[in-house]
Amino acid sequence: MLPNSNTKCPFLLFCCCFFLLLLHKISFACQNTEREALLRFKSTLHDPTCRLCSWQGDNCCQWRHITCRQGISGDVISLNLRNPKSSYDLPLDWKQSALSGEISPSLLSLTQLQHLDLSLNYFNGTPMPNFLGSLKNLMYLNLSNAGFSGVIPHQLGNLDRLMVLDLSALYGQQWLRADDLGWLSGLSSLKYLDLSAANLTSVKNWMEAIVLMPSIEEVRLLECLLVEIPGHVHNLNTSSLSVLEIDYNSFDSILPPWFWALGGLTYLSCIGCGFYGSMIDSILMSVKLVDEGGKTSRFSSDLLVRTNLCYLIYMDLSHNSIEGDIAEFFNIMTGCKLGSSLQTLRLGTNRMNGTLSEMVGNMTDLGYLDLSNNFLSGQMPKEIGELKHLQTLDLSNNSIMGHLPVEIGELLNLRFLDISSNLFAGEITERHFEKMDQLQELFLFNNHLIMTVNDAWIPRFQLSYVGLNSCKLGPKFPSWLQWQENVSLLVLSNTSIADILPAWFWKLSSNIITLDLSHNRLTGRLLQSLEFMSKLSTLDLSYNKFTGKIPSILPTRLQRLHLSYNLLSGTLPSKFQASSLAFLLLSNNKFHGSFPTTICNLVSLKVLDLSNNNLSDSLPDCWRTDSQLQILNLGSNQLSGVLPPSIGSLSQLMSFHVNNNYLSGELPQSLQQCSALEVLDIGQNNFAGIIPDWLAERLPRLMILRLRSNMFSGGIPEFAKLDCLQILDLAYNKLAGSIPSTFGNFSLMITADIEGLRCVFGYNGNDYAMPFFGTDVYALSYIETISIVTKRVDREYSKILSLLRSIDMSSNDLSGDIPEEITALAALQNLNLSSNHLTGVIPEKIGNMQSLESLDLSMNNISGTIPQSISSLTSMSSLNLSYNNLSGEIPSGNQLQTLDDPSIYTGNANLCGLPVSKDCSSRNSFSGKSSGADEESIEDDHQHFWVYFSSVLGFVIGAWAVFGILFYKTSWRIAYFKFSEDICDRIFLVVTGNSFDGS
């Protein structure tokens, strides 16, 4: 009788469970040699966060970060010690959890190791261990961002089973280097290679080495300092390479044709590689490469298919200098028999031209199209609406014109639309957004667009970023925005809005991070508490007509506040709760009262502009040494008193304006601690004393020094050490002495070319910009503005300030000669030495100052003739030499003939020639070798002398003939005086009305 099968099942089940349990125990049994090897490996490491604390006990297969092969052997096959903190986190956080120390050779005992990951640790520049090339079974090796340095060991070429090799580092580090990549040929199984940020400058045939790897699929060589790229590469058709990423190298080469001959390539990224030349020519040359006869002169769809153009999925050639007609490129792509596979096309920041062809509608797989920052023109074709998969469309910074086609509203998957900075014109209506349910980012700024949507329109999308500046939205505030609940960036500056902010706007703004409504005509009062705008980082309401007080309660996260050019009044808040404020711009309002001391406690503040208000009283002595203030503008207020000593605590200060106030006293000694100063403007005050020598010694970066209209006395210091000085204004003081000859040494006035000099504004030219999220979508800027008298007019310079070169020492008590050395300032544009006591002559070499546009030497005691070289100053448009002792003939010349105002030379009696009225032909020279004209002039002078002499002599002789007779003849004298008395009496009686009786 056969046993019952049901009685066997429990027994068999028990046996299976026992066997599996036994197998489980066996599979995780760690070999002693490997356990000891791991412990020795641990002993050479520094483990700050105790990631290896579980490495205890006999069974290493149960330790964290260790993986063993299941089975009887229990070999360690994986060691994953990747840092859980990313190197993109704060550096302190990253290093706090990073392993460091040395890599022990005990790892060689892990003979079956397949996976080794030490990435994102920090081995502090130690060489990469050579013995890693002996781990024969390695299939995965990741040492990226691990802090190794030196030469990449060629022994890694022994790892013939390796499939993934990642030795990349953070961009800009280049700790690792290689002089040759020949060892790559031994990696016969390698599919993925990343050597990004390794120094490969000396590597020549890097592409040849890559295509010789039979299994390679992905190669990333970003920022490897590569400078050579081959013009031709063999064995391209046999290569398995599908991904090539070589961004940020410096090839300075034409676009290589063999890019398009890599048959299996689907992903190509060459951002910022210095490629130039025609993209179309490069493609045509690649077609010839695959044509065996090499005689193809035009595109053939059969040959095109044999390139990779029809199979490319991702192509990024942005930030190069590639040229070509974009329409021709799209026309080429229509030659693909089954249609182009291209999903991402990025050609932004190149030199592409032409118009968007209607053929763009055939690129139906496109999901990302970036043609920004090129030279595209023409109109946008309506076929753009056929790209149903398109999610990103960026055509910004071109010259595309005409109406925006309503067919763009058919892009139902579009998330990002940027057509900013073009020549689009016409109306934008609801139809342009008809099916855009997914739209999140919209940038239409800097066009001529007019948005005319119905007040009742409720958009289908929910925007997070809105940039409509310079579009016409007004005069009413756009009501459709009230339905946008997720907006974090809203820029509506210069949109012709003349309205009050609606009540619903403040509810909408509770989620906004950046808000810019500047350059409109918004009115009304600001809310006194903006605390509900808890996410707000940037608020720009400048150039409007807001009234009332500044909000007393600001969001705690606020970093940038710009309320300049409004009608705000009252006193400044006694306390600013926003401790993170970096920009505080409140200029050109009507604020009054004293300067709040609490502003000094805003240690994160970088820019403070309170100029053109009515602030009074003295400045408090409250500045802190931990302040980050770089720009302080308190100009055009009613401040009085002295500069506080604590101003020297602002060690990062670069621009300091207190001009046009009532400040007095001497410059504080502490100011010399502000060694980063580039702009010092204390003009139009009552400062006195001497100009200290330490201005040049301790403030070496000064570019603009304006001490105008004060009461400084004494001599002019030696400013020659100020290599970067470009504007010096000492006018209207009481300075005496001579002009230092070292004034001819100002480097930035000798040459306009600042290359090689360290003379650049520390805040990006004139603008101190803090961009939003690292982009240029929105940047709150402080623009340096200086008032300079040029060509007899007081002008404010801002945008071109960095280009101006000027010296003004007028209205002082300077004496002595004009130093010849000053003529070396060939880049100087404005020179004003008027209203002093200068003597001597105008330097003969003044013609060397070829950039001079305005020259004023009036009201001095300068003598001699006007140098002929002055007529060669072709840039001169303003000249004043009046009220001196100049003589001789005014030089002739094309440039001086344009300066035909006689007042230029008024007060110089001995000047002749045009444009003054005195004719040089009436003068004679007193020198021994006079010209004929000078001799005639001297003869005329002699004739005039004898005429005057004869007249005077005749008068004297005639008078003595009368008075001599009266003196010697008594009867005549008595009769004469009696006759005189009778005449006087008659006149008196006539005047008084009485009769004359003759007595």
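Summarising the label geometry, the points placed 7 Å from Cα in the beta-carbon direction at ARG792 and THR364 lie 7.5 nm from one another. In terms of the mean number of neighbouring beta-carbon atoms within 10 Å, the peptides 558-571, 714-727 order highest first as 558-571, 714-727.
Taking amide hydrogens as placed 1.01 Å from N in the peptide plane, the amide H of LEU615 sits under 5 Å from those of GLN638, each at least 5 positions away in sequence or on another chain.
Charges were assigned to the Cβ only: +1 to each Lys and Arg, -1 to each Asp and Glu. The resulting dipole of the range 81-232 about its Cα centre is roughly 260 debye.
Around ARG706, what is the net charge, scoring Lys/Arg as +1 and Asp/Glu as -1 over all other residues with Cβ under 11 Å from its Cβ?
-2
The base-10 log of I(q)/I(0) for the range 651-748, evaluated at q = 0.10, 0.16 Å⁻¹, reads -0.23, -0.62 [Debye formula, identical scatterers on Cα atoms, solvent excluded].
With 28 Å as the limit on Cα-Cα distance, the pairs of LYS337/LYS435; LYS42/LYS95; LYS535/LYS606 that go past it are LYS337/LYS435. Extension gain for SER149 to ASN413 (0.36 nm times residue separation, less C-alpha to C-alpha distance): 90.4 nm. Taking Lys and Arg as +1 and Asp and Glu as -1, the other residues whose beta-carbon sits under 14 Å from that of ASN832 total +1.
Taken as Cα centroids, the range 441-505 and the range 567-591 sit 27 Å apart, rounded to the nearest whole angstrom.
Stretching the chain fully between ASP626 and LYS590 yields a gain of 9.9 nm (0.36 nm per residue, less the alpha carbon separation). At full extension, ARG557 and SER640 could sit 26.5 nm farther apart than now, given 0.36 nm per residue minus the alpha carbon distance.
Can you give me the C-alpha center-to-center distance between the range 314-367 and the range 690-718, rounded to a whole angstrom? Using only Cα atoms to place each centre, the spacing works out to 59 Å. Counting protein heavy atoms only, the range 459-575 has 51 percent of its accessible area on carbon and sulfur, 1.4 angstrom probe. Kindly identify the range 115-166 as rounded, prolate or oblate by the Cα gyration tensor criterion: order the square roots of the eigenvalues as a ≥ b ≥ c, call it rounded if a/c is under 1.5, otherwise compare a/b with b/c, prolate if a/b is larger, else oblate. Judged from the Cα gyration tensor, the range 115-166 comes out oblate (a/c at least 1.5, b/c at or above a/b). Taking 25 Å as R0, compute the FRET efficiency from the Cβ-Cβ separation of THR44 and ARG69 and round it to 0.05. Once the sixth-power term is evaluated, E becomes 0.50.
Once you reduce the range 158-188 and the range 91-142 to the center of their Cα atoms, the two points are 14 Å from each other.
The values are calculated or read from the model by the stated rules, or taken from the named source; none is laboratory data. No experiment lies behind these values; they were computed from the predicted model shown. Ideal geometry is used to build each Cβ from the backbone, glycine not excepted, and the neighbour counts take in all protein chains shown. Side chains are part of the model used for accessible areas, which takes the heavy atoms of the whole protein and leaves out ligands, DNA and RNA. Shrake-Rupley method; radii C 1.70, N 1.55, O 1.52, S 1.80 Å.
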